[in-house]
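Notes follow the structure.
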Amino acid sequence: MWRQWIPFWHPGVSPHGGDVDLLFIGLLVTSSLVLGLLFFLLALFCVRYRASNQIDRGHQTSKSWHWEVGWTAASLICFLALFVWGASIYFQIFRTPPEEMSVFVVARQWMWKVQHTGGQSEINTLHIPVNRPIRLVMASQDVIHSFFIPALRLKHDVVPGRYQDLEITVQVPGHYHLFCAEYCGTEHSGMSGEIVAMEAADYTAWLGSQTPSSPLAQEGGVLFRELGCSGCHGIGSKVRAPLLEGVYGKPVPLADGSVVTADDKYIRDSILLPRSQIAAGYEPLMPSFEGKIDEEQLLKLIAYIKSLGGHGS
């Protein structure tokens, strides 16, 4: 492998690591060629068109238009090819693989809090099994953060007010650095952690050794009742509100005639901004819970609603 010739270049441990490395090398080579060409032409013109050199400097427009068109077209084709190459790798990385396992990540100044669906939680550490697709559902409690794992060749911004999905797969067991790649405050440099990739048997043993308080969906069910949500969305409620059993992942007709899918983002927006997407046939009676619950509580509520439809992962 060509990476063995570069002592500081560590190979990626994800399925797309090699593709990202090749794209990076392609960008470096292309940029180097363009830079070299510019310096060559600069030196050539400085020598050829120096003041003491007797050379024809007339008819500049008629002499140079074909060169202008040529290098502009060549540059456009070259960089469009790089764009297509990069876009194809992007779509490979951000595809949704089958049988993925969900893990929730909440970013805040200055730490990563990880919540597994079984109730296990971690700070600045993420334990995952190797060779299994993992779906990270990420949210920020305060400012913009960036979830960066160099060994996986992955970086994704975590923006307040919305969920970010990132699918990762680690092929080699080990410990891999996790960084925040977006300046997020005075202690930004200390917002780091690690990804611990384990064999399936070791991961199962690790899960069993943890002592979760209760599964995430169960905690969400308790919170659902404490907030009074069951009084409107429960069976037999006197308030006419949509039932939530089996709603996750299904199309939801809206009052404006459009249709949305009841995914994590839709449920989150329905809790915080209930009047933004009103379900068809229902009055906009639900109050907003914005500022009353945090991102961790939102994740628990979503896990509970997913479990009602048999979508708990």
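The values are calculated or read from the model by the stated rules, or taken from the named source; none is laboratory data. From a predicted model like this one, the values you see are computed outputs, not experimental measurements. With ideal geometry, Cβ positions are generated from the backbone for all residues, glycine too; neighbour counts draw on all protein chains shown. For the accessible areas, the whole protein counts, side chains as well, though only heavy atoms, and no ligand, DNA or RNA atoms are used. Shrake-Rupley method; radii C 1.70, N 1.55, O 1.52, S 1.80 Å.
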Q. Mind checking which of Ser270, Ser52, Ser214 has the largest fluctuation in a GNM of the chain, springs on alpha carbons under 10 Å?
A. Ser52
Q. To the nearest 0.05, how large is the calculated FRET efficiency for Val143 and Leu285 if R₀ is 30 Å and r is the Cβ-Cβ distance?
A. 0.35
Q: Can you send over the solvent-accessible area of His66, 1.4 Å probe, protein chains only, in Å² to the nearest 10?
A: 90
Q.
Going by Cα centres, region 186-204 and region 85-118 are how many Å apart?
A. 13
(Q) Can you sort Ile271, Ile144, Ile25, Ile235 by solvent-accessible area, 1.4 Å probe, largest first? (A) Ile235, Ile144, Ile25, Ile271
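What does the charge add up to near Asp269, with Lys and Arg as +1, Asp and Glu as -1, over the other residues with Cβ less than 14 Å from its Cβ?
Once all neighbours under 14 Å are counted, the net charge is 0.
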(Q) Using protein chains only and a probe of 1.4 angstrom, how many square angstrom of Thr30 are accessible, to the nearest 10? (A) 20
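Taking only protein heavy atoms into account and a 1.4 Å probe, give the accessible area per residue of the chain in Å².
Numbers: 18080 Å² over 313 residues.
Accessible area per residue, the chain: 58 Å².
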Q. Taking the Cα centre of each part, how many Å lie between region 243-311 and region 28-50?
A. 58
(Q) Can you list residues from other chains, or at least 5 along the same chain, whose modelled amide H is less than 5 Å from the amide H of Glu194? (A) Thr125, Leu126, Leu178
Q) Within the chain, how many lysine pairs that are 8 or more places apart, or on different chains, have C-alpha atoms less than 26 Å apart? A) 19
Q) Between Ala87 and Thr186, what FRET efficiency follows from the Cβ-Cβ distance if R0 is 51 Å, with the result rounded to 0.05? A) 0.90
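At a 1.4 Å probe radius, carbon and sulfur cover how many percent of the accessible area of the chain? Could you put the intermediate results ahead of the total?
Values: 11240 of 18080 Å².
Exposed carbon and sulfur together represent 62 percent of the surface.
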**Q.** Exposure ranking of Lys292, Lys265 by accessible area [1.4 Å probe, largest first]
**A.** Lys292, Lys265
Q: On the full set of protein chains, 1.4 Å probe, figure out the accessible area of Cys78 and give it in Å² to the nearest 10.
A: 50
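Using a 1.4 Å probe and counting only protein heavy atoms, arrange Trp110, Trp67 so the residue with the most accessible area comes first. Mind showing how you got there, number by number?
On the way: Trp110 75, Trp67 180 Å².
Listed by decreasing accessible area, they come as Trp67, Trp110.
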Q.
List the residue ranges in the chain for DSSP H helices whose C-alpha atoms run 18 angstrom or more along the long axis and whose Kyte-Doolittle average is -1.0 or above.
A. 17-48, 60-93, 295-308
Q) So what's the net charge close to Trp110: Lys and Arg +1, Asp and Glu -1, counting the other residues with Cβ under 14 Å from its Cβ? A) -1
